[in-house]
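This report concerns only the one structure given below.
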Amino acid sequence: MCTSAACNATEERELLPTNVTPIHYDLLLAPDLDKLTYTGKVSIKLRINEATDKIVLHANELEIKDAHLASAAFEAEATSIAFEKDDETLHLAFAQQVPASSEATLTISFSSVLNDLMVGFYRSTYTDAEGNVKFMATTQFEPTDARRAFPCWDEPMQKATFDITLRVKEQLVALSNMDVSKTESTGDGLKEVSFSTTPIMSTYLLAFVVGELEYIEAETSGKHNGRPIPCRVYTTPGKSEKGRFALDVTVKVLEYYADVFGIAYPLPKLDQIAINDFESGAMENWGLITYREVALLNRYLSNGKATDAEDQTVWWVPLGVSTSETRTQNSSEVLTSREATLDTDVSDAKWYKLNKDTVGIYRVKYPPGAVANLAKAISAGDLDINDRIGIIADSASLASSGHSNTSDFLTLLRAYDRETEFVVWQEIVLRIDALQSVWGAGAEETRNRLRDMCCKLFSPLVKRLGWEPTEKGEDSLVSRLRALAIRGAGLAGDKEVIDEVNRRFSAFFAGNKSVFTTDTLRTAFAVAVRNGGRDEFEKVKSYYLDSENPVDQKLAALSCLGFTTDPALVDELL
């Protein structure tokens, strides 16, 4: 039996013990969109590889109520339930051993909150046509956040099948990866929606969504898949027709790919859903692809063209005006024509913002004075996380399309120097990378100024977070933010960061694998290769070629080789 979560001796990589492995999950979740909490129960069929009285699996931010193990040998409640917050693991002990080469069922009851972090099982906020704030429950599990939703073996190699049941209010829609197998009323205003068993799959591809939803649907021709595939696009009420273009593309693409690759689509259906609060552009959950709203619903931005009829269409746009004086309120202004002047008093406000909570599918261009005021509001912490993400996304998009000055974007960037949320920083990095790629072949002076700006932005963040966890049980999002900060500062040329990366890089290849976490390893390799020469390149290359290293880390090393700026090494790599 592997007795430690850090089972891989080649690096500080936290893997679960292999004394038991999951075969099948039977998961029941009951989200409450009023209380923004949920309860759950999971029964996991296990293969017992080694006789054991201890089981370790992943769990993060969950409250465990009880744990029960049943096998042919015995049935018993757990005698000990303990968390290792650092490893995000749940440790269960039982009074006697379950024998090797057998099977057992582990049943765990638990509860948690529908968080606002856009990871795990979380709540997404939107405003309906009457201006009411509504919630839906949705998921984002990649890379390691299924454990935030339910206890599981949350590693890509620990594949299993899943039966999902969602207990929800009668009027709500419940979705998951598979098609609905049955729906039963529980007699208390609730229903249980059960879904067909999934193929064997990793936890990070699992998904479920609950909310007030509507949809449009179509089927593929079935020409290359051997059968028509039902396809739906789900949205919050009133938006489904905006998904028509995406649906039309979907039914064609599924048949096209089946023809090109010679492999039929393996699932009974394909649902796509637009989520207002969604950190990534999209997530490829099997059978239930989740998208940021603008990635799924905005046809014009998807293909740059519109028919004459569409070009004449005037969409009603809820403006959602908020100010420093009314930031907790939802305004009722709606743009119903191509141009309009609003009689909204902002004279006494320190700042104003349109598209409160970033729920509308449009960009907002502000005059320079308003940009400066928003920058002050961001710096002072006056704006919520969705608005902080939306402002930087709008500004960067408008700058890259030529509709506003890049200086507006840079003015706003400086205001994020005290930002603490990983998802906001991830959006910032995405936009900065795009800006730097535009100027990649530009004047050296311009590129140097961009690097200086990145140093000023990321270097203080590295100092604030440090290189090691500051407390036991550090949140995984903080670890990912640390890696992101080191990447930003190191690639921008911060000498102090580069020196520390090089020191740890040398120690790592001298045998001290503890100097990097799984999150910082990829970052360090990229910074070392970018600022180093052949020696660093060859070491990272050797790590990629070493068959003893985990596949995902080998692929990370391979991608980092692309950070070299030496033309000779680039030629070798190609």
Would the range 132-144 turn up any residue that is at positive phi and open to solvent by less than 50 Å² (accessible area, probe 1.4 Å)?
no
Write out, first by first residue and then by second, each pair whose Cβ atoms fall under 7 Å of each other, whose residues are 6+ apart or on separate chains, and whose first residue, in the range 512-531, is outside any helix (DSSP H, G or I) while the second is open to solvent by 10 Å² or more (accessible area, probe 1.4 Å) and not acidic (Asp, Glu).
Phe516/Arg504; Thr517/Ser479
Contacts under 8 angstrom Cβ, first residue in the range 185-198 being on the phi > 0 side of the Ramachandran plot, partner open to solvent by 50 Å² or more (accessible area, probe 1.4 Å), 6 or more apart
Gly189/Lys169; Gly189/Glu170
Give just the number: which of (1) open to solvent by less than 60 Å² (accessible area, probe 1.4 Å); (2) of a type outside the set (Phe, Trp, Tyr); (3) more than 24 Å from Thr18 (Cβ to Cβ) does Lys65 not satisfy?
(1)
Is there any pair linking a residue in the range 14-42 that is at pLDDT 95 or above to one that is among the small types (Gly, Ala, Ser) and open to solvent by 30 Å² or more (accessible area, probe 1.4 Å), with Cβ under 6 Å and at least six apart or on different chains, and which?
Asp26/Ser43
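Conditions tested, residue by residue: (1) modelled with pLDDT under 90; (2) over 24 Å from Glu279 (Cα atoms).
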position: Asp387; (1), (2): no, no
position: Gly402; (1), (2): yes, yes
position: Gln436; (1), (2): yes, no
position: Glu444; (1), (2): yes, yes
position: Cys454; (1), (2): no, no
position: Gly466; (1), (2): no, yes
position: Ala489; (1), (2): no, no
If you take the residues in the range 199-223 that are without any contact (Cβ under 8 Å) to a residue 40 or more places away in the chain and among the small types (Gly, Ala, Ser), which one is nearest to Thr39 (Cα to Cα)?
Ala218
Counting only strands (runs of 3 or more DSSP E) wholly inside the range 71-121, the ones holding at least 1 residues that are over 18 Å from Ile44 (Cβ atoms) are 80-84, 89-98, 102-113
Count - residues of the range 171-195 that are within 14 Å of Leu270 (Cβ to Cβ) and not in a strand (DSSP E or B):
3
Note on the range 43-62: residues open to solvent by 60 Å² or more (accessible area, probe 1.4 Å) and in contact (Cβ under 8 Å) with a residue 60 or more places away in the chain are Lys45, Glu61
Which ones in the range 490-528 are hydroxyl-bearing (Ser, Thr, Tyr) and within 24 Å of Glu474 (Cα to Cα)?
Ser514, Thr517, Thr518, Thr520, Thr523
What's the total number of residues in the range 92-129 that are polar (S, T, N, Q), modelled with pLDDT under 95 and touching a helix residue (DSSP H, G or I) at 6+ places or on another chain (Cβ under 9 Å)?
3
Please name all residue pairs, on different chains or six or more residues apart, with Cβ atoms under 7 Å, provided the first residue is in the range 156-169 and is open to solvent by 20 Å² or more (accessible area, probe 1.4 Å) and the second residue is among the aromatic types (Phe, Trp, Tyr) and not in a strand (DSSP E or B).
Pro156/Tyr204
Based on what the data block shows, is His68 at pLDDT 95 or above, under 23 Å from the mean Cα position of the chain (by Cα) and not β-branched (Val, Ile, Thr)?
no
Is there a residue being among the polar types (S, T, N, Q), surrounded by fewer than 20 Cβ atoms within 10 Å (Cβ to Cβ) and in contact with a Pro (Cβ under 9 Å, 6 or more places away or on another chain) anywhere in the range 110-121?
no
Can you say whether Asp382 is touching a residue at least 40 places away in the same chain (Cβ under 8 Å), of a type in the set (D, E, K, R) and closer than 23 Å to Asn298 by Cα, as far as the supplied structure shows?
no
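The values are calculated or read from the model by the stated rules, or taken from the named source; none is laboratory data. Values in this document were obtained by computation on a predicted structure and should not be read as measured data. Here Cβ is always computed from backbone atoms with ideal geometry, including for glycine, and neighbour counts include all displayed protein chains. Note: accessible area is taken over every heavy atom of the protein model, side chains too, but ligands, DNA and RNA are not part of it. Shrake-Rupley method; radii C 1.70, N 1.55, O 1.52, S 1.80 Å.
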